[in-house]
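Every number here is computed from the coordinates shown, using simple stated rules; none is lab data. No experiment lies behind these values; they were computed from the predicted model shown.
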Amino acid sequence: MKLMGKRLVTALVCTLLLMSLLPVNAWADTGPKPSVHIAIENMDGRECYGTLLSKTPSTGPASAWDGEEEARPNFEISREIWQAFVDYEDPDGFYFLQWGWRCDEAKGFSWDYYPPETFKILLYYPDTGEFVSSGVLERYAFDTYYTAKLDGGTMTVRRSYNFGREIVGLLARIVLTVAIEVLVALLFGFREKKLLRLIVLVNVVTQAALNAALFYTDLTEGPGVFLLLYVLLELAVFIVEAVVYCLTFRRVTERWIFTGKIVAYALAANLCSLAVGFGISWIIPAIF
């Protein structure tokens, strides 16, 4: 049993090391990209178009018009709307990058492929030629959310990241993980109430720490780094739990438990929670 546990740990470590050698640049290019989502309140029903003015003249495939090349508006705006944005002169020298969206029907718009780091929200009403601009804003998260409130010809903006949803997802992941690891414990024959209470306590602590780290990573780096870190942190959690269980299991039960069985349980429980977590991430991404 000891030899089997060592082989399983060695195989897992080798797999993670091989994953770390994969071409990260290619993954980063094909993986999720940062986004900026703008919700707009108090719109009056008039036809309206929105864009983000950038502090820099380009970001990803979007760039400012140089006055010579062919116009490259995205499909949601016409050449006339594009021209109006091109002709707009921002007092701080921010650039129109030729991307815009109609926003009166959706009450907002999203730039989900390489949005600017530092930007302003600019709205245009073609019926009057009126522009309404925000102050200077920044991407504060991998997926950045702002809510713009209109009042006459002015705009006030606030951050509107949904932390409540993240907290619900955090609690759901902890409960699910504890349930999985208790079920695996029962399959391994660990049925004493003291052992199960210990497993629940250890998992609440390790999962709270794990999910706090993952939440910060998802907020600042996005799902690509999140998934890689998830695997690496699960390995760390397995090691911590295996050590804690080896030191404590025999103190809370009268029967002898082989060290190999304890380590095998910790490994099996964490592999199950890892597999279920990946599965849920595709089915219910809001929870993961």
Per-residue HN-Hα couplings for the range 153-160 [Karplus 6.51, -1.76, 1.60; θ = phi - 60°; Hz; x = Gly/Pro]: x, 10, 9, 10, 10, 9, 6, 9
HN-Hα J in Hz across the range 161-172 - Karplus 6.51, -1.76, 1.60, θ = phi - 60°, x for Gly and Pro: 5, 8, 5, x, 4, 5, 5, 4, x, 4, 5, 5
Length released on extending from Leu183 to Ala236, taking residue separation times 0.36 nm less the Cα-Cα span: 17.0 nm
Stretchable slack from Ala71 to Val243, in nm (0.36 nm times residue separation minus alpha-carbon distance): 55.7 nm
Extended-chain gain in nm, criterion 0.36 nm per residue less alpha-carbon gap, Asp151 and Arg250: 28.9 nm
Backbone HN-Hα couplings from phi across the range 124-132 [Karplus 6.51/-1.76/1.60, Hz, Gly and Pro as x]: 10, 10, x, 5, 10, x, 7, 10, 10
Equivalent-ellipsoid semi-axes of the range 35-159, from the Cα gyration tensor, Å, largest first: 20, 18, 13
